[in-house]
Each structure stands twice: as C-alpha cells, then as structure tokens.
Amino acid sequence: MVRRIQPAELTWFVARSLAFLGHVDPHGTAQRLAPRFRNARRDAASSFVWERTVGPPSAGVVALAPQPDDDERTLRLAQPWFEGDPDDLARLVAELSERFDHEAAELDLVGIPVDRTERLSALLAGEGFDFDVVRRLRFELAEVPPLGRPVSLEAWRPPLDAALRELVGRSEGWALSDRRWAWLKRAFGPFRPDMWFMAAEAPDRPALGYALCGARTVGVAATIGLTAAGVLPEHRASTEMLRRLVLSLLHELAGISPLGCVEATLSGRDPKLIEILRSIGFVVEAPRPLLRRTPS
C-alpha cells in the first residue's frame with residue numbers, strides 16, 4: 001500500500017535515496033544533511049513509500065502533484081528508490097498516478113547511475129514512461145538579432161484550430177489526439193491564442209510551419225515558453241526555413257514582452273532545433289535525463 005512518510009522519517013527516506021544512487025555513506029550523509037531541511041513537514045508530505053505487509057517500506061519516490069487550478073498539469077516525480085522487488089516501485093508510481101489528477105508525468109533521473117537508469121526505464125515502460133534526455137534553453141528577448149528574411153505569422157483564431165492541428169500533425173508525422181491537443185494548449189501556463197502561430201512565406205501563401213508558445217507570467221518582462229515549433233517535411237532539406245520561423249517568432253514575442261525571456265525544454269531527439277536555437281543566441285543547459293509520459 002502507499003503512504004506518506006512522517007517528518008521524523010525524512011532523514012531515513014533521504015538515506016534510502018542516496019543508497020539507491022550508490023553513495024558510499026548514505027546514512028551518515030543523510031544525517032549531515034538533516035539540519036538543512038527547511039520544512040521537514042512539507043517535504044515529508046510529498047514523499048511516498050510502498051509499505052509491505054511485513055517489514056520496512058520497499059520503495060519510495062517524491063511526488064509533486066499539480067494543484068486543482070494549475071493550467072500545466074504535470075505530475076513531477078524524483079528521488080526514486082527500491083529495495084528487493086523492483087515491481088514495488090512500479091506499483092507505487094501506478095497508484096500515485098491514479099491518486100493525483102494530471103495529464104503528463106516526469107521522473108527526474110539526474111544523478112542516477114546509467115545501470116539504474118536503464119533498469120528504471122525498463123521497469124516503468126509498462127506505466128507508459130519513455131526515456132529521454134532533454135536540454136533546457138533560455139533566450140533574453142532584449143537581445144533579439146536582426147530579422148533577415150521574415151515569415152508571416154498568423155495568430156490562432158477559432159476558425160484556424162482544425163487547420164493548425166492538421167499542420168502540426170503533418171509537420172511531426174503523426175496525428176494529434178484530442179487529449180494531446182488540449183494538453184499542448186496548457187503545457188506552459190494558460191492558453192495564449194496570441195502566442196500560437198501558423199507560418200507562411202506571405203499572408204496569401206500556404207502554411208509551411210508553426211510555433212506554439214505559452215506564458216506563466218505576463219507584462220513587459222514575461223516568461224514565455226516555446227512549447228513546440230516545426231516546418232513541413234518539404235522544408236527540411238536545410239535549416240533555413242526553421243531558422244527564419246524562429247527569428248520571426250522571437251521578434252513577434254519581443255513586441256509582446258520586450259524585456260521578457262523565452263524558455264524551452266527540447267528533446268535530444270531533435271538536435272537540429274537545439275542547434276538552430278543555439279546559433280540564434282539561446283543559452284543551452286547541460287543534458288538532463290528523465291522518464292516522461294505525455295498524452296498519446
């Protein structure tokens with residue numbers, strides 16, 4: 001069964017997590033870290049274990065669930081560990097997934113050895129999790145480079161919804177379900193129609209690509225999230241069209257929030273987009289392994 005740990009168990013829980021990472025002195029390190037726990041009650045409330053009928057708990061994980069009024073509904077998991085039967089961790093994750101209302105889930109794997117990462121990936125594949133290595137990027141809109149040859153951007157309107165959805169599906173090579181389309185609209189805060197775009201060479205030309213953004217904050221210094229961007233397959237022979245699209249997007253966003261910033265979390269499976277953003281001036285963070293489950 002699943003239960004939250006008590007504040008008095010927090011040091012023990014951290015020790016189990018460190019032991020799972022292969023730390024040479026998990027108990028001693030956890031005890032030295034204990035005075036730094038600023039809010040043991042809050043941390044314990046988000047730490048869960050799988051309790052067996054006999055013996056100590058056999059698995060644990062930290063789970064941060066979205067709040068009822070959150071637009072971004074991602075269940076974030078971290079510090080996984082298990083002792084004995086690894087299926088107990090899978091059972092724990094499955095029950096937490098049932099307990100907390102969410103649309104997507106992520107399990108942070110930073111610091112976990114490769115052999116443990118591979119085991120966790122295999123273990124949670126049955127729960128719909130897929131291994132990925134993501135890169136986080138950031139760009140200050142006050143530093144937008146010259147535009148060059150722009151593309152025309154048309155913001156979302158209700159009559160364009162079906163066409164934009166079909167365009168994204170053609171660009172990515174698979175159809176979008178209703179659940180995934182709805183999730184994309186809230187993947188970075190409330191849906192912002194003025195930040196969802198269809199791109200074309202000119203207003204009277206066929207669409208060639210798209211860019212989808214959201215914003216958790218608004219104003220001249222907003223934090224804007226680039227959720228997705230792409231072009232149709234026939235424009236992928238070079239990076240020119242995608243680069244023009246991204247530059248046009250940045251100028252459009254700078255007009256909305258001139259002192260703001262753009263953030264993106266991109267899969268390592270899309271290195272071309274990462275390198276295009278790097279060449280434009282995005283700061284790219286170190287690779288971050290995780291297990292991810294998104295709406296199909």
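Below is a table of values for the structure above.
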{"quantity": "Leading residue at positive end of dipole, region 2-128 (Cβ point charges), from 60, 82, 8", "calculated": "8"}
{"quantity": "Relative exposure of 185, 272, judged by other C-beta atoms within 10 Å (fewest first)", "calculated": "272, 185"}
{"quantity": "DSSP-assigned coil residues among GluC sites (Glu not before Pro) in region 85-157, each with at most 14 further Cβ atoms within 10 Å", "calculated": "none"}
{"quantity": "Residue-span extension gain [residue 157 to residue 136] - 0.36 nm each, minus C-alpha spacing", "calculated": "4.6 nm"}
{"quantity": "Separation in nanometres of the label points that stand 7 Å from Cα toward Cβ, at residue 51 and residue 286", "calculated": "3.8"}
{"quantity": "Among 203, 268, 224 - extreme Cα towards positive end, dipole of region 174-296, charges at beta-carbon", "calculated": "268"}
{"quantity": "Debye, to nearest 20: dipole size of the chain, +1 on Lys, Arg Cβ, -1 on Asp, Glu Cβ", "calculated": "460"}
{"quantity": "Sum of -39500 (n - 2.57) over DSSP H runs of 4+, divided by residues of the chain (222 nm, nearest 500)", "calculated": "-9500 deg cm²/dmol"}
{"quantity": "When the convex hull of its Cα atoms is projected in every direction, mean area for region 248-296 (nm²)", "calculated": "4.9"}
{"quantity": "Listed residues 71, 88, 161, most fluctuating in the chain (Gaussian network, C-alpha, under 10 Å)", "calculated": "161"}
{"quantity": "Magnitude of the charge dipole, region 2-128, Cβ model with Lys/Arg +1 and Asp/Glu -1, debye to 20", "calculated": "700"}
{"quantity": "Integer Hz, Karplus 6.51/-1.76/1.60 couplings in order for region 284-295, x for Gly and Pro", "calculated": "10, 7, 5, x, 10, x, 7, 9, 10, 10, 10, x"}
{"quantity": "In sequence order, calculated HN-Hα J values of region 91-105 (Karplus, 6.51, -1.76, 1.60; Hz; x Gly/Pro)", "calculated": "5, 5, 5, 4, 6, 5, 5, 6, 6, 9, 5, 7, 10, 9, 9"}
{"quantity": "Only Lys, Arg (+1) and Asp, Glu (-1) charged, at Cβ; region 138-288 dipole about Cα centre in debye", "calculated": "360"}
{"quantity": "Kirkwood-Stokes translational diffusion coefficient of region 138-288, alpha-carbon pairs, 4 °C, 1.567 mPa s, µm²/s", "calculated": "83"}
{"quantity": "Potential lengthening between residue 278 and residue 41 on full extension [0.36 nm per residue; Cα-Cα distance subtracted]", "calculated": "81.2 nm"}
{"quantity": "Packing-based order for 174-182, 33-41, using average beta carbon neighbours within 10 Å, highest first", "calculated": "174-182, 33-41"}
{"quantity": "Entry for P(r) over Cα pairs in 10 Å bins from 0, in percent (calculated from the structure that is shown) out of (i) 6, 24, 29, 21, 14, 5, 1, 0; (ii) 6, 25, 35, 27, 6, 0; (iii) 6, 27, 35, 23, 8, 1", "calculated": "(i)"}
{"quantity": "Neighbour net charge for residue 265 - beta-carbon separation under 13 angstrom, K R +1, D E -1", "calculated": "0"}
{"quantity": "In nm, spacing of pseudo-spin labels at residue 267 and residue 179 (7 Å Cα→C-beta vector)", "calculated": "1.7"}
{"quantity": "Linear extension gain, residue 200 paired with residue 127, 0.36 nm per residue minus alpha-carbon span", "calculated": "22.3 nm"}
{"quantity": "Calculated from backbone phi, Karplus (6.51, -1.76, 1.60) coupling profile of region 200-207 in Hz, x at Gly/Pro", "calculated": "8, 4, 8, x, 9, 9, x, 5"}
{"quantity": "Signed unit charges on C-beta, dipole axis of the chain, positive-most listed residue 249, 145, 190", "calculated": "145"}
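Quick note: the coordinates plus some simple rules give every number you see, no bench work behind them. No experiment lies behind these values; they were computed from the predicted model shown. No Cβ is skipped: glycine too gets one built from the backbone with ideal geometry, and neighbour counts run over all protein chains shown.
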